[in-house]
1. Using only the Cα atoms, what convex hull volume per residue in Å³ does region 135-213 have?
2. If you line up the long axis of helix 170-190 against the longest principal axis of the chain, both from Cα atoms, how many degrees apart are they, to the nearest 10?
3. Of Gln61, Gln120, Gln96, which has the largest mean-square fluctuation in a 10 Å C-alpha GNM of the chain?
4. Give the carbon-plus-sulfur fraction of the accessible surface of the chain in %, rounded to a whole number; probe 1.4 Å, heavy atoms of protein chains only.
5. Which of Ser56, Phe92, Val81 sits closest to the plus end of the dipole of region 52-119, meaning its Cα is farthest towards the positive end, when Lys and Arg get +1 and Asp and Glu get -1 on the C-beta?
6. Rounded to the nearest 20 debye, what is the charge dipole size of region 54-213 about its Cα centre when +1 sits on each Lys and Arg Cβ and -1 on each Asp and Glu Cβ?
7. Once you charge only the Cβ atoms, +1 for Lys and Arg and -1 for Asp and Glu, what is the size of the charge dipole of region 66-156 about its Cα centre, to the nearest 20 debye?
8. For the chain, with equal point scatterers placed on the C-alpha atoms only and solvent neglected, what are the log10 I(q)/I(0) values from the Debye formula at q = 0.07, 0.10, 0.15, 0.17 1/Å, to two decimals?
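The values are calculated or read from the model by the stated rules, or taken from the named source; none is laboratory data. Please read these numbers as outputs of a predicted model, since none were measured by experiment. Cβ placement follows ideal geometry from the backbone for every residue including glycine, while neighbour counts extend to all protein chains displayed. Protein only, heavy atoms only, side chains kept; ligands, DNA and RNA dropped before computing areas. Shrake-Rupley method; radii C 1.70, N 1.55, O 1.52, S 1.80 Å.
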Amino acid sequence: MFKSFFLARRWWAWSIAGSAFILLATWYRVELDVQINDWFGAFYDLIQKSLGQPGSITAGQYWSELSTFIRIAMVYVTTAVVVDFFCKHYIFRWRQAMNEHYMAAWPRLRHVEGAAQRVQEDTMRFASTMESLGLTFMRSLMTLAAFVPVLWMLSDKVTALPVLGAVPHSLVWVALLWSLGGTLLLAVVGVRLPGLEFHNQRVEAAYRKEMVL
C-alpha cells in the first residue's frame with residue numbers, strides 16, 4: 001500500500017512533494033493555534049485591566065487586539081480550507097495508485113470471487129483511515145510539541161500536584177503521560193478490531209455467495 005505510492009515515479013510529485021506540503025502546512029496551522037492561544041491571554045489581561053481600573057485602556061488598544069485576532073483567524077481559516085482540500089486530493093491519488101497496483105495483477109485476481117469489489121472497498125477503507133486517523137495523529141503530535149514550551153512556562157506557577165506533591169514542570173509531564181497513556185489504551189482496546197473486521201467481511205462474502213446460489 002505504501003510502496004505503490006511512495007516508490008512509484010509517477011506519483012512522486014504527490015507522494016514526496018505532497019507529503020512535505022502537508023507536514024509544513026499542518027505545522028503552520030499548529031503555530032497559528034499557538035498564536036491564538038497567546039492572543040487570548042493578552043486580550044483577557046486587557047479586559048481584566050479595563051474592568052479593574054476603568055479608563056486605563058483606550059479604545060484603540062481594544063480594537064487593535066480585535067484586529068489582531070481577525071488577522072490570525074482569517075489566515076487560519078484560509079489555511080485550514082486549503083490544507084483540507086489538498087489532503088482529500090492527496091488521499092484520492094494514493095487510493096488511485098493502490099488501485100492501479102492491484103489491478104495490474106488482475107489476470108491472477110479475476111478468478112477470485114468479488115476480487116474487483118474487494119480491491120475497491122479495501123483501498124477506499126485504507127484511504128479513509130489515513131485521512132481520518134493518520135492526519136489527525138500527525139497534527140496531534142505537532143500540537144503537543146508546539147504547546148510543550150507554553151506548558152513549561154505555565155508549570156512555574158503550578159508548584160504541586162494532588163497526591164504526587166511537588167513535581168518540577170508538572171504540566172508538561174501530565175500532558176505527556178496523558179497523551180501516551182491514552183494512545184496506549186486505545187491501541188490495546190483496538191488491536192482486535194482489524195481481525196474482527198476481516199472476519200465480518202468473510203462472513204458477509206459467504207452469505208452473499210449462498211444467496212446467489
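1. That works out to 108 Å³ per residue.
2. Helix 170-190 and the main axis of the chain meet at about 20 degrees.
3. Result for the chain, Cα springs under 10 Å: Gln61 fluctuates most.
4. Details: 10420 of 15030 Å².
Percent of accessible area from carbon and sulfur atoms in the chain: 69.
5. Phe92
6. 340 debye
7. 240 debye
8. Computed log10 I(q)/I(0) values: -0.40, -0.72, -1.14, -1.27.
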